[in-house]
Amino acid sequence: ESTLDAPAKVLMCVECEDVPAGVKCVECDDAFCGLCYQWLHRKGKRAKHTVQNVHGKDKPVQINVEGTTEHFVKSFKENKNEEKVQKRKSLEVTPTEIKQSVDHFLQQIKVIPLRLNQEERKMLSLLEAALNISEYTDKVDVSRSMT
């Protein structure tokens, strides 16, 4: 008896044996839950196997199982779309809010230190050294002109 002909009986996944099967691999002739099918057929020759819905050949195959990468990516995209809508709403600001944020920013830049990368730090120490030498020579020149 074919696994596709027994809709009254709950067909369990042949791999994990604790989840109802949702798909059948035609070449393996085994029924799997979506997660096990994806895991076992993710690479190699099995990646080219044909899959069918266990509830009927005419029904679409759904392997997007919760806990799989596909499910995560799909739910992530949905969450991103919701975040974009919320972000657009949060970006709508009044002129007074803009003025307040500019004032706040101007206050913050007075106290937040500037972070330099290594190349910028080298250049800063070179410039500071040059300024120190320049100040020293000014002092020496002034003291010699007074004598």
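Quick notes on this structure:
- Residue in the stretch 11-26 that is modelled with the highest pLDDT, counting only those that are assigned to a loop (DSSP other than H, G, I, E, B) and loosely packed, with under 13 Cβ neighbours inside 10 Å: Val26
- Counting the residues of the stretch 27-47 that are part of a loop (DSSP other than H, G, I, E, B) and either at pLDDT below 80 or under 15 Å from Lys57 (Cβ atoms) (or both) gives 1.
The values are calculated or read from the model by the stated rules, or taken from the named source; none is laboratory data. Note that the structure is a prediction, hence the values are computed from the model and not measured. Reconstructed Cβ throughout: ideal geometry from the backbone, glycine too, with neighbour counts over all protein chains shown.
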